[in-house]
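Structure record follows, encoded as structure tokens.
The values are calculated or read from the model by the stated rules, or taken from the named source; none is laboratory data. Model, not experiment: these values are computed from the prediction. Here the Cβ positions follow ideal geometry from the backbone for every residue, glycine too, while neighbour counts run over all protein chains shown. SASA here: full protein model, heavy atoms, side chains in, ligands and nucleic acids out. Shrake-Rupley method; radii C 1.70, N 1.55, O 1.52, S 1.80 Å.
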Amino acid sequence: MSPAGEESSLPLPERWPRASKFALSACAAAVAELVTFPLDLTKTRLQVQGEAAAGPAVPYRGMLRTAAGIAQEEGIWKLWQGATPAVYRHIVYTGVRMVTYEHLRDSVLGRAEGESFPLWKAVVGGVSAGAIGQFFASPTDLVKVQMQMEGKRKLEGKPLRFRGVHHAFLKILSEGGVRGLWAGWVPNVQRAALVNMGDLTTYDTVKHFLLLNTTLVDNSVTHSVSSVFSGLVAAVLGTPADVVKTRIMNQPRDKQGRGLLYKSSMDCLIQTVQGEGLMSLYKGFIPTWMRMAPWSLVFWLTYEQIRRLCGVTSF
């Protein structure tokens, strides 16, 4: 058989390994996103409460009361408002970050199968993969954040800004140009780098530590334990940057696409701490953690299983 014929007879994961891993990780991320999205919406609403520059203060109701209030005041399906761009975002973001991390880990940083992997190399891989993935996905994240706030605007008697996901993309593009689609990308990338240092680095490190130093094998128990640690560390590292990112993305803009409330992510950080205190950087931490924990669990279990079903080696 000719080399071309041999290649065409190979399974898809072997012919196009990176494309296959991109598709598998995107599918797993979409499932995890839809399951946990109401917590993401609640977190976003909590993070913009109390913004001194945004208008009069509103009562801080906490995670459960905020979620219940959204369901009662706006309708239960509003808990999934912005889910479509969120899924779009994770198809790009998770697909890119997972493929990038695995490539860096195995080909650039040189992890050998069955050997321990230095933590600093895992950190470099996680930070780099998160930053690259989030840069490409930043426009979808911007649309998601702004659409999540539409229900709140309606209750306040303000006109709705968007009729749907595609209208939101077009309106942001027409008002701010291509640069407008990347509004807030700096804190967005900073947050993603920190979250991935917590998520990918922790999951990979804990999983292989357990496999090398305990009697656990590469199964759902090991994946679950590793995902619990990854969700917690990701929430601790990522919440302050997430608060800044959310506020920058949600702020009104002028005709040139420049923010009217904050000049930069550092300006937003300073204003938030001065106006609301240091702990305001952890507004929404509980729903962030409560979302990241089940998100990580659903994602990693789904991802590892579909890799196995499709004949791709374990992560």
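Could you list, in sequence order, the residues of the stretch 277-309 that are on the phi < 0 side of the Ramachandran plot and out of contact with any helix residue (DSSP H, G or I) (no Cβ under 7 Å at 6 or more places or on another chain)? Quick ask: steps written out before the conclusion?
The initial filter retains those residues of the stretch 277-309 that are on the phi < 0 side of the Ramachandran plot, namely 278-283, 285-309.
Across the stretch 277-309, the qualifying residues are LEU278, MET279, GLN305, ARG308, LEU309.
Condition test on PRO17, is it more than 24 Å from the chain's Cα centre (by Cα), at pLDDT 60 or above and closer than 26 Å to TYR303 by Cα? I'd like the intermediate steps shown before the answer.
Numbers: more than 24 Å from the chain's Cα centre (by Cα): no; at pLDDT 60 or above: yes; closer than 26 Å to TYR303 by Cα: yes.
No.
Among residues belonging to the stretch 20-50 that are modelled with pLDDT under 80 and β-branched (Val, Ile, Thr), point out the one that is surrounded by the most Cβ atoms within 10 Å (Cβ to Cβ). Spell out the reasoning first.
As a first pass, look at the stretch 20-50 and keep what is modelled with pLDDT under 80: 40, 43-50.
From the residues that got through so far, the ones that are β-branched (Val, Ile, Thr) too are 44, 48.
Values: THR44: 25, VAL48: 21.
The residue in question is THR44.
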Pick from the stretch 256-315, criterion part of a helix (DSSP H, G or I) and of a type in the set (Lys, Arg), ranking: surrounded by the fewest Cβ atoms within 10 Å (Cβ to Cβ): ARG308
Can you tell me which residue among ASP218, ASP242, ASP204, ASP199 is touching a residue at least 12 places away in the same chain (Cβ under 8 Å), outside any helix (DSSP H, G or I) and surrounded by 15 or more Cβ atoms within 10 Å (Cβ to Cβ)? ASP218
Among (1) under 20 Å from the mean Cα position of the chain (by Cα); (2) open to solvent by 10 Å² or more (accessible area, probe 1.4 Å), LEU109 falls short only on (1)
